[in-house]
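Chemist: The structure is given below, and queries will be raised subsequently.
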Amino acid sequence: RTGFETPPPMDGFGDTHTHNQRPAAISGWLVWVAIMVTGLGTGLVSVVLTNISTGFGNTRLQETNALLELNRPLAAASVWVTFSVVFTTVAAYITVNYAPQAASTGIPETKAFLNGCDVKGAFSLQTFAVKAIGVCLVIAAGAPVGLEGPMVHIGAMVASHVVLSMEQFGLLRSNQDRNHLLTHLVTCGVASGISAAFNSPIGGVLFVVEDLAARWLVDAHLVLQCFVSSFFSQLVVAGAHITSLMVQTARSGDRGEFQAANLVKGSGGGSNEITGAWYITDVPLCVLLGSVVGALMSFSTAAATAIARVKRSAMAGREVTTTTSGASWKNANSFGAPKKRKKRNSSKVSEIVAAVFPVVLVSVLAFVLPLLFECRVRQDHVKGKPGASHLLGGQHQVDHRMFVRFTCQQGEYNDLASLLLPSLSGSFHSTMSHLYSRDSDEETYGDASLVTLATCYYFFPLFVIGCSFPFGLFVPNLVFGSAVGHLFGRLVNRSVWLGASRVAHPTTYAVLGAGAALGGWTRMAIAISAIMLEQTGNMDSVILMMVTVLSSRLVAGFLTPQSFTDEIIAMKGYQVLEPREPPVIATLSVGAVCTRHVVCLRPNETVASVCRVLLHTTHTAFPVCSDDAENSLSDRDNDSSYPVWRVETGGQYPSPTVHGLVARSVLLATLTQMVNEKRPSENDARRLRVPSSMLADPIFLGVHDGVVPVDELGAIPAHLPASRAYEKFALLGARRVVVVESGGGTRLAGIITRGDLVEAGEDFEGRATRVAEEFRHRRSGGGHGNRHARDDASTARVSLPF
């Protein structure tokens, strides 16, 4: 009713407590139970979504194959494309109409949230439902995407709803308890999502440390919590996998022992060959492979960023926003929020069509390209060759490879169709098994198939950038890197210039190429190395993996310093601060950075004054000051142009004394309680309606009324270096910091927000770019805006109709 999203945003006031301090109000056993539930829930969601997307995708592939076996290629193509159109249309429709925040991977929103930004709607139950349903449909539709990226966002949403459930059951006693637990559980949810998606619990913990939580303090206790959550998530995934293997073994009638097969397989029954064997000659070759893949991924990042920027500009150009202000504030009955009317030159249908068209194009190309390749005889149909499922070392191994007949005869298969079509139907493990299996040689699929597969997965993901449906880009990068690595391994094994030197098997280079692609795309090295080693179970090539991933990371970072995720964060306006402060911050004082024009409230206010503040500002908290100086920019009783009390500090008049800080949520809750007491019929209303008879009623803002006292705010004197304030934002996740005048006392000097630090840390070129963008925004009808009218770029105006 009051505009809250689910879960509630963190209302950190810049106080002195950190994310690493454990509040005594939360029982230790309760925290560990919440962590366990987060891991189990994330693992369960991963298993369900994987089975659904794979089931839908395999149904689409089987129906197409059935028509191809009947020699009806046109009907098969129609079914193949029709499934894509239907699935993608449904996914885009629910995303556009119900949860736009569910689009893309959700990693930028999660990173911004952990950095302290307020991301509206990114963790609501509606976003979770749309994300889960949409990503399954998009994968089954044949889009070159995967579930791994969205699992980061899904894990964070599972964690947020665990906190919300605990709050509803009364297990959390205060907002501080909720905010602390929410931050920790979201971090654990991210680790659990990576663990479930990649079967890599250690990689999930390292992913959090290296990419997400590196933006604020991480201690051993939080790492342990992430590890426990990842363990329970992996426990669910492993249990589901073992159950599936038991069912397959029982159906096949094999009563022998079995084990979960690694993706890298041996070459024959009873082979004692080490799958990851490598030689000293491979080290410089790995540097070369990593450098080439890193350069290609940097070009892909630049192209994806340009495409996303163009699509975002096109979408913004379709909306022309005009604001009509309400009636005069003199009339109590005319209170109303400024109304925004959006005139869309093209309806939401065009946005859905723009999302469906790229997926349909990919499906058509994926169906046409295999027609250019010849059929091959299956090796298990050749006398003396082992079958698809064979015994290795006396144990039963399950082969996940799919050999697609396509238009071939019985006992034959199309090599490109076997590599491309399963991966576009949710069964990318089949493609990875082909590339990682040592049983697959040049007789299984040719070099032209590898080149085509790599080309498809290099360009196809660019088609879906900016589309309005959930998707992840880890899988296409994995497939692209594996294809490039396998092809590179074949070339070096055939090279004459290597002479008598021995090199690793192409399978090893396929794994290394996949790691290099992920490292170049994500700009991470430690976590990617661990994920790839855990995923393949091949620890013999750990040195080569480290060399390859590091080479790719360095080259990609040199060519394009920011990853695609960081580019999207900047594009969406999330004010994420880096752990290391910009050089210019060290030269400034707190007083030079802070905002001098501050919207304040008095300890004794009226309902009308609070309503004016809520309607005319987007701040998430307000200082409560004593009105002991005539320094306000407006007289609220005589001037309707400034309906709120704006204090200008640092001028000729003395600044008011600050008593504390009150959150916007507290003001909304207070108004809601007052209205409900006088009008019980408003309890079930969707929006808060304040009657005109209440506008003169008083509202007292004291410590016992939800105001955080100034002693607990961690206020900073104006003469201190700005580095002190930067640490509170970048490392402690503060939302705002109150600045007081130097020389002692609690007279207000200003407030520092993230926007102030971002603008202060910009160099000349960055500031010129921002000013040019703001100028273009004003010319397009976006309004003039106000540098001081926001605490977070994502904070929306709150509407309270009367």
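The values are calculated or read from the model by the stated rules, or taken from the named source; none is laboratory data. Here the structure is a predicted model, which is why all the values come from computation and not from measurement. We place every Cβ from the backbone using ideal geometry, glycine too, and count neighbours over all the protein chains shown. Calculation scope for accessible area: heavy atoms of the full protein, side chains included, ligands and nucleic acids excluded. Shrake-Rupley method; radii C 1.70, N 1.55, O 1.52, S 1.80 Å.
Chemist: Based on the alpha-carbon gyration tensor of the stretch 413-452 and its eigenvalue square roots a ≥ b ≥ c, which shape applies: rounded if a/c is under 1.5, prolate if not and a/b is larger than b/c, or oblate?
Modeler: oblate
Chemist: Rounded to the nearest 0.05, what FRET efficiency do Asn51 and Phe459 have when you use their Cβ-Cβ distance and R0 = 45 Å?
Modeler: That pair, Asn51 with Phe459, gives E of 0.95.
Chemist: Solvent-accessible area of Cys188, probe 1.4 Å, all protein chains present, reported in Å² to the nearest ten, please.
Modeler: 0
Chemist: Same structure, new question: Starting from 0.36 nm per residue, how many nanometres of slack lie between Val703 and Thr587 once their C-alpha separation is accounted for?
Modeler: Value of the extension gain: 38.1 nm.
Chemist: Given the options Met151, Val190, Val163, identify the residue whose Cα lies farthest towards the positive end of the charge dipole of the stretch 138-239 (+1 on Cβ of Lys, Arg; -1 on Cβ of Asp, Glu).
Modeler: Of Met151, Val190, Val163, it is Val163.
Chemist: What per residue convex hull volume, in Å³, comes out for the stretch 468-622 when only alpha-carbon positions are used?
Modeler: 214
Chemist: Could you please put Cys375, Cys600 in sequence from largest to smallest accessible area, using a 1.4 Å probe?
Modeler: Details: Cys375 55, Cys600 0 Å².
Sorted descending by solvent-accessible area, the residues read Cys375, Cys600.
Chemist: Let me ask something else. Could you work out how far apart the two model spin labels at Ser692 and Tyr279 are, taking each label as a point 7 Å from the Cα in the direction of the beta carbon, and quote it in nm?
Modeler: 9.2
Chemist: What number comes out for accessible area per residue over the stretch 410-543 if the probe is 1.4 Å? Units Å², please.
Modeler: 25
Chemist: Does the stretch 83-168 classify as rounded, prolate or oblate by the C-alpha gyration tensor (a ≥ b ≥ c root eigenvalues; a/c under 1.5 gives rounded; else a/b over b/c gives prolate, otherwise oblate)?
Modeler: Cα axes put the stretch 83-168 in the prolate bin.
Chemist: Gain in length, Thr82 to Tyr653, computed as 0.36 nm per residue apart minus the alpha-carbon separation, to one decimal in nm?
Modeler: 198.4 nm
Chemist: Students often check this: by mean Cβ neighbours within 10 Å, which of 416-427, 302-313, 714-725 ranks highest, and how do the rest follow?
Modeler: On the way: 416-427: 27.2, 302-313: 15.5, 714-725: 18.6.
Ranking the peptides 416-427, 302-313, 714-725 by packing returns 416-427, 714-725, 302-313.
Chemist: Can you give the accessible area of Glu63, probe radius 1.4 Å, in Å² rounded to 10?
Modeler: 90
Chemist: Oh, and also: Peptides 103-116, 221-234: what's the order by average Cβ count within 10 Å, highest mean first? The partial results should precede the final answer.
Modeler: On the way: 103-116: 25.3, 221-234: 23.1.
Highest mean packing first, the order is 103-116, 221-234.
Chemist: Please report Rg (one decimal) and Dmax (integer) in Å for the Cα set of the stretch 430-543.
Modeler: In Å, with Rg to one decimal and Dmax whole: 14.8, 54.
Chemist: Also, quick follow-up: With +1 assigned to the C-beta of every Lys and Arg and -1 to the C-beta of every Asp and Glu, and no other charges, what is the dipole magnitude of the stretch 462-618 about the Cα centre in debye, to the nearest 20?
Modeler: Once rounded to the nearest 20, the dipole reads 180 debye.
Chemist: Can I ask one more? Pick out, in residue order, every one of the chymotrypsin sites (Phe, Trp or Tyr not before Pro) in the stretch 125-225 that is DSSP loop and has at most 11 other C-beta atoms within 10 Å; say none if there are none.
Modeler: Phe169
Chemist: Using a/c under 1.5 as the rounded threshold, could you call the stretch 139-201 rounded, prolate or oblate? The axes a ≥ b ≥ c are square roots of the C-alpha gyration tensor eigenvalues, and prolate needs a/b larger than b/c, oblate otherwise.
Modeler: Prolate, since a/c reaches 1.5 and a/b exceeds b/c.
Chemist: Something else now. Using just the C-alpha positions of the stretch 515-606 as equal point scatterers, what log10 of I(q)/I(0) does the Debye formula give at each q in 0.12, 0.13, 0.21, 0.22 1/Å?
Modeler: -0.61, -0.66, -1.04, -1.08
Chemist: Once the whole set of protein chains is in place, how much accessible area is left on His184, using a 1.4 Å probe, in Å² to the nearest 10?
Modeler: 10
Chemist: Related question: Any chance you could run the full-extension gain for Glu412 through Asn71? It's 0.36 nm times the residue separation minus the Cα-Cα distance, nm to one decimal.
Modeler: Result for the pair: 121.3 nm of gain on full extension.
Chemist: Let me ask something additional. Testing the spin-label approximation: label points 7 Å from Cα along Cα→Cβ at Arg312 and Glu677. State their distance in nm.
Modeler: Each label point lies 7 Å from its Cα, and together they span 4.6 nm.
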